[in-house]
1. Using the structure shown, decide if residue 69 is loosely packed, with under 12 Cβ neighbours inside 10 Å, at pLDDT below 75 and over 13 Å from the mean Cα position of the chain (by Cα).
2. Right, residue 95: hydroxyl-bearing (Ser, Thr, Tyr), out of contact with any Phe, Trp or Tyr (no Cβ under 7 Å at 6 or more places or on another chain) and surrounded by 15 or more Cβ atoms within 10 Å (Cβ to Cβ) or not?
3. Which condition number in (1) more than 19 Å from residue 134 (Cβ to Cβ); (2) modelled with pLDDT of 80 or more; (3) of a type in the set (Val, Ile, Thr) is the one that residue 44 fails?
4. Residues in the range 12-28: is at least one of a type outside the set (Val, Ile, Thr), at pLDDT 50 or above and in contact with a Lys or Arg (Cβ under 9 Å, 6 or more places away or on another chain)?
5. Just one of 98, 117, 58, 106 is part of a helix (DSSP H, G or I) and without any contact (Cβ under 8 Å) to a residue 60 or more places away in the chain; which is it?
6. Hey, any hits in the range 37-44 for a residue that's free of Cβ contacts under 8 Å to residues at least 24 places away in the same chain, surrounded by 11 or more Cβ atoms within 10 Å (Cβ to Cβ), over 26 Å from residue 157 (Cβ atoms) and polar (S, T, N, Q)?
7. May I ask you to say which residue of 107, 100 is surrounded by fewer than 16 Cβ atoms within 10 Å (Cβ to Cβ) and within 16 Å of residue 81 (Cα to Cα)?
8. Among the residues that make up the range 125-136, is at least one of them out of contact with any Asp or Glu (no Cβ under 9 Å at 6 or more places or on another chain) and without any contact (Cβ under 8 Å) to a residue 12 or more places away in the chain?
Amino acid sequence: MKHICVTASEFNNCNNKEQTVKKRRTDAEISFRKEAATVRKALIDTLRPIQKDVLQSLESNELSSLVIIPTGSGKTLLMSVLACKTKCSIVFAPYTLLKNELYAELNRKGATHWWPLPDGSESIDSILYNANYILMSYEAAPTCATLLLALNRINRLGPIFVDEVCRPIWLQHRYVTMM
């Protein structure tokens, strides 16, 4: 916990300042938020127990997390529920077909990019500040350390999902908080 020391005169000056008044939401904004909450609750109600555990863990901490989920366990649905505009999720997928399917689905949820960047694509800065998802193959893992560090440095590194097809028994349904 951070402690702040102020003098009595500074404290009194703070109390004398006008408090900002929150802007009242319009009926349309209230309706939109209610509808969004209803949709999110319906999605959460469809999650399997392991997905709910992962979701709860990811939402309860501000750190980046590594999520290893086998193919077919509902990773894409979990990513949809977790969609966050301020963070960028990294997704490792083992097969081109799977990467293409994930790209199509995730691109409907937010800005989705490939790693390594295709020639002539957007600048790395644009992707760092705007991407919601970055997809890559396992083979690209050695080339992404700088990307992960850059996202972490600007506080945009979200969960890292690994679509883990051939998992050892000790890795079943594990998620780890890191950084």
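The values are calculated or read from the model by the stated rules, or taken from the named source; none is laboratory data. Every value quoted in this text rests on a predicted model; they were computed, and no experiment measured them. Ideal geometry is used to build each Cβ from the backbone, glycine not excepted, and the neighbour counts take in all protein chains shown.
1. In short, no.
2. Spelling it out, it is not the case that residue 95 is hydroxyl-bearing (Ser, Thr, Tyr), out of contact with any Phe, Trp or Tyr (no Cβ under 7 Å at 6 or more places or on another chain) and surrounded by 15 or more Cβ atoms within 10 Å (Cβ to Cβ).
3. (2)
4. Checked against the condition, which is being of a type outside the set (Val, Ile, Thr), at pLDDT 50 or above and in contact with a Lys or Arg (Cβ under 9 Å, 6 or more places away or on another chain), the range 12-28 yields at least one hit.
5. Residue meeting the stated conditions: 106.
6. Within the range 37-44, none of the residues are free of Cβ contacts under 8 Å to residues at least 24 places away in the same chain, surrounded by 11 or more Cβ atoms within 10 Å (Cβ to Cβ), over 26 Å from residue 157 (Cβ atoms) and polar (S, T, N, Q).
7. 107
8. Yes, some residue in the range 125-136 is out of contact with any Asp or Glu (no Cβ under 9 Å at 6 or more places or on another chain) and without any contact (Cβ under 8 Å) to a residue 12 or more places away in the chain.
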